[in-house]
Each structure stands twice: as structure tokens, then as C-alpha cells.
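The values are calculated or read from the model by the stated rules, or taken from the named source; none is laboratory data. It should be emphasised that the depicted structure is a prediction, and the values quoted were computed from it without experimental measurement. FYI the Cβ positions are ideal-geometry reconstructions off the backbone, even for glycines, and counts take in every protein chain you see. Accessible surface areas use protein heavy atoms only, side chains included; no ligands, DNA or RNA. Shrake-Rupley method; radii C 1.70, N 1.55, O 1.52, S 1.80 Å.
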Amino acid sequence: MPDALSKSFAVVVHHYRSPRDYAVSVERTGEMLLKNIGLFTDGFAGEARLLMGLFATEAQAWALANQLKRSRTMLHALLQTPKHPTRPERLTSTD
């Protein structure tokens, strides 16, 4: 494995169910690749994972991971908010 890959960091999305329901992790690229190769050669199909980016430093990788987490949280909050604000009920007199 090239030295650059073994020293880089990967941002990975896994357990994806929807744009507001997924996990994000930062992993050493070399370790992730070795794990995936091991699973493949043993005949296992690993969990579905989406590689979002490769970075030279862990800080750069965490910057993207945190941005993805903020986007997920914001989208979740937006989808929980009613489209139209509820109006207070009018009090009507029966006189």
C-alpha cells in the first residue's frame, strides 16, 4: 500500500438510512482498507460504507466529519418543524 494512503485519514458514512439518519466516522485509510480486504477475502460482504473524502491530516478529516454531522442535525430539525406555524385558536363568544 502506498505510504500516502497508510498515513491518510478517511471520512466514512455508514449505517445510512436517510439524509437525517446516518453515522459518520474518521478512520485511518490504511486500516480501513486492510479491514475491507480481510472481509472480502474471507467471503464476507461488509456493511455498506460511503467514503466521503481522504485527507492528509486528522484535523482536516474531522472538519468534514463535523460538517456532515451538523448538516444531518440541521436537516433533522428542519424536518421536525411544521411547515406552517400553528395559529392560536380564536375565542368566539356564544352571545
Output for the range 37-65, where each listed residue is part of a strand (DSSP E or B) and under 18 Å from Y16 (Cα atoms): R49, L50, L51, M52, G53
Matching entry among L34, L68 (being open to solvent by less than 60 Å² (accessible area, probe 1.4 Å) and either at pLDDT 85 or above or in a loop (DSSP other than H, G, I, E, B) (or both)): L68
Residues located in the range 5-59, provided they are in contact (Cβ under 8 Å) with a residue 24 or more places away in the chain, of a type in the set (G, A, S) and over 28 Å from A77 (Cα atoms): S6, S8, G30, A56
Residue identified as among the aromatic types (F, W, Y) and open to solvent by less than 50 Å² (accessible area, probe 1.4 Å) among F9, F40, F44: F9
Candidates V12, V24 - the one that is modelled with pLDDT of 90 or more, aliphatic (A, V, I, L, M) and touching a His at 6+ places or on another chain (Cβ under 9 Å): V24
Search result, residues across the range 12-31 that are surrounded by 12 or more Cβ atoms within 10 Å (Cβ to Cβ), part of a strand (DSSP E or B) and of a type in the set (G, A, S): A23, S25
